[in-house]
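Okay, so here's the structure we're looking at.
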Amino acid sequence: MKNKLSAANLALGLFLGASTLLTQTGCLLAAAAGAGAGGVGYVKGDMETYTNANLAGTVAACDKAMQRLGYTKIKEEGDAAKKTITGRTSQDTKITLVITQVGTATSKLSIRFGVFGDEALSQSLYNEIKKAL
(Lines give C-alpha, C1' and ligand atoms only; values in the text may rest on other atoms or scores of the structure.)
Protein backbone atom coordinates (compact mmCIF):
# COMPACT_ATOMS: atom_id res chain seq x y z
CA MET A 1 0.00 0.00 0.00
CA LYS A 2 2.81 2.37 0.88
CA ASN A 3 4.46 1.89 -2.54
CA LYS A 4 1.14 2.47 -4.35
CA LEU A 5 0.59 5.73 -2.50
CA SER A 6 4.12 6.90 -3.23
CA ALA A 7 3.77 6.02 -6.93
CA ALA A 8 0.44 7.86 -7.09
CA ASN A 9 1.96 10.92 -5.42
CA LEU A 10 4.89 10.81 -7.82
CA ALA A 11 2.58 10.54 -10.82
CA LEU A 12 0.42 13.42 -9.55
CA GLY A 13 3.50 15.55 -8.91
CA LEU A 14 4.87 14.88 -12.40
CA PHE A 15 1.50 15.65 -13.96
CA LEU A 16 1.13 18.96 -12.09
CA GLY A 17 4.71 19.96 -12.85
CA ALA A 18 4.35 19.18 -16.56
CA SER A 19 1.00 21.00 -16.71
CA THR A 20 2.49 24.10 -15.11
CA LEU A 21 5.46 24.04 -17.45
CA LEU A 22 3.28 23.66 -20.55
CA THR A 23 0.73 26.31 -19.60
CA GLN A 24 3.18 28.92 -18.29
CA THR A 25 5.93 28.72 -20.92
CA GLY A 26 4.69 31.85 -22.71
CA CYS A 27 4.74 33.86 -19.50
CA LEU A 28 8.23 32.65 -18.66
CA LEU A 29 9.53 33.53 -22.11
CA ALA A 30 7.93 36.95 -22.00
CA ALA A 31 9.37 37.61 -18.56
CA ALA A 32 12.81 36.57 -19.77
CA ALA A 33 12.50 38.76 -22.86
CA GLY A 34 11.42 41.77 -20.83
CA ALA A 35 13.98 41.26 -18.09
CA GLY A 36 16.79 43.09 -19.85
CA ALA A 37 16.97 46.85 -20.04
CA GLY A 38 14.91 48.02 -22.99
CA GLY A 39 13.53 44.52 -23.46
CA VAL A 40 10.27 43.99 -25.29
CA GLY A 41 7.77 41.29 -24.38
CA TYR A 42 4.71 40.11 -26.27
CA VAL A 43 2.14 38.65 -23.87
CA LYS A 44 -1.42 37.63 -24.74
CA GLY A 45 -1.70 40.14 -27.58
CA ASP A 46 0.03 43.06 -25.84
CA MET A 47 3.52 44.25 -26.67
CA GLU A 48 5.01 45.59 -23.46
CA THR A 49 8.19 47.56 -22.98
CA TYR A 50 9.71 50.50 -21.15
CA THR A 51 10.77 53.83 -22.60
CA ASN A 52 13.48 56.21 -21.46
CA ALA A 53 11.05 59.13 -21.32
CA ASN A 54 8.48 60.47 -18.90
CA LEU A 55 4.75 60.09 -19.50
CA ALA A 56 4.38 63.30 -21.54
CA GLY A 57 7.40 62.50 -23.71
CA THR A 58 6.19 58.96 -24.40
CA VAL A 59 2.66 60.17 -25.24
CA ALA A 60 4.12 62.75 -27.67
CA ALA A 61 6.27 60.05 -29.30
CA CYS A 62 3.22 57.78 -29.64
CA ASP A 63 1.25 60.61 -31.29
CA LYS A 64 4.08 61.31 -33.72
CA ALA A 65 4.56 57.62 -34.58
CA MET A 66 0.85 57.09 -35.19
CA GLN A 67 0.76 60.13 -37.47
CA ARG A 68 3.81 58.91 -39.44
CA LEU A 69 2.15 55.53 -40.00
CA GLY A 70 -1.14 57.07 -41.09
CA TYR A 71 -3.10 55.95 -38.04
CA THR A 72 -5.96 58.05 -36.69
CA LYS A 73 -5.99 59.03 -33.03
CA ILE A 74 -9.56 58.72 -31.70
CA LYS A 75 -9.12 59.71 -28.07
CA GLU A 76 -6.70 60.15 -25.21
CA GLU A 77 -7.74 59.75 -21.62
CA GLY A 78 -6.10 59.34 -18.24
CA ASP A 79 -4.34 61.33 -15.58
CA ALA A 80 -0.85 62.45 -14.57
CA ALA A 81 0.27 58.84 -13.93
CA LYS A 82 -1.34 56.89 -16.77
CA LYS A 83 -2.69 57.63 -20.26
CA THR A 84 -4.64 55.50 -22.70
CA ILE A 85 -4.58 56.39 -26.39
CA THR A 86 -7.13 54.81 -28.70
CA GLY A 87 -6.74 54.92 -32.45
CA ARG A 88 -7.55 53.17 -35.72
CA THR A 89 -5.54 51.92 -38.66
CA SER A 90 -6.62 52.68 -42.24
CA GLN A 91 -8.20 49.19 -42.23
CA ASP A 92 -10.22 50.23 -39.12
CA THR A 93 -8.30 47.99 -36.71
CA LYS A 94 -8.44 49.34 -33.18
CA ILE A 95 -5.15 50.43 -31.59
CA THR A 96 -4.80 50.74 -27.83
CA LEU A 97 -1.71 52.28 -26.25
CA VAL A 98 -1.39 52.37 -22.47
CA ILE A 99 1.43 54.50 -21.07
CA THR A 100 2.19 54.40 -17.34
CA GLN A 101 4.72 56.61 -15.57
CA VAL A 102 7.08 54.40 -13.54
CA GLY A 103 9.89 56.86 -12.79
CA THR A 104 10.90 60.43 -13.44
CA ALA A 105 12.30 59.47 -16.86
CA THR A 106 10.79 56.02 -17.43
CA SER A 107 7.40 54.88 -18.68
CA LYS A 108 5.83 51.49 -19.30
CA LEU A 109 4.27 51.17 -22.75
CA SER A 110 1.69 48.59 -23.81
CA ILE A 111 0.62 48.31 -27.48
CA ARG A 112 -2.33 46.25 -28.76
CA PHE A 113 -3.87 46.00 -32.21
CA GLY A 114 -7.39 44.62 -32.44
CA VAL A 115 -8.93 42.14 -30.05
CA PHE A 116 -6.23 39.48 -30.16
CA GLY A 117 -3.18 41.61 -30.91
CA ASP A 118 -0.89 41.71 -33.93
CA GLU A 119 2.77 41.31 -33.14
CA ALA A 120 4.03 42.60 -36.51
CA LEU A 121 1.92 45.78 -36.38
CA SER A 122 2.84 46.32 -32.73
CA GLN A 123 6.54 45.99 -33.55
CA SER A 124 6.20 48.42 -36.47
CA LEU A 125 4.50 51.03 -34.27
CA TYR A 126 7.04 50.49 -31.50
CA ASN A 127 9.91 51.05 -33.96
CA GLU A 128 8.36 54.40 -34.96
CA ILE A 129 7.84 55.35 -31.31
CA LYS A 130 11.52 54.64 -30.59
CA LYS A 131 12.51 56.93 -33.48
CA ALA A 132 10.30 59.70 -32.09
CA LEU A 133 11.70 59.50 -28.56
How large is the accessible surface of TYR126 in square angstrom, using a 1.4 angstrom probe and rounding to the nearest 10?
20
Estimated vicinal HN-Hα couplings, Hz - region 82-89 in sequence order (Karplus 6.51, -1.76, 1.60; Gly, Pro = x)
8, 10, 10, 10, 10, x, 9, 7
Of all alpha-carbon pairs in region 71-133, indicate the percentage at a distance above 18 angstrom.
36
Using the Cβ atoms and a cut-off under 15 Å, what net charge is assigned to the surroundings of LEU133, where Lys and Arg are +1 and Asp and Glu are -1?
+3
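The values are calculated or read from the model by the stated rules, or taken from the named source; none is laboratory data. These numbers were taken from a predicted model, which means no experiment stands behind them. Because the Cβ atoms are built from the backbone with ideal geometry, glycine has one as well, and the counts that use them run over all protein chains shown. Just so you know, the surface numbers come from the protein's heavy atoms only, side chains and all, with ligands and any DNA or RNA stripped out. Shrake-Rupley method; radii C 1.70, N 1.55, O 1.52, S 1.80 Å.
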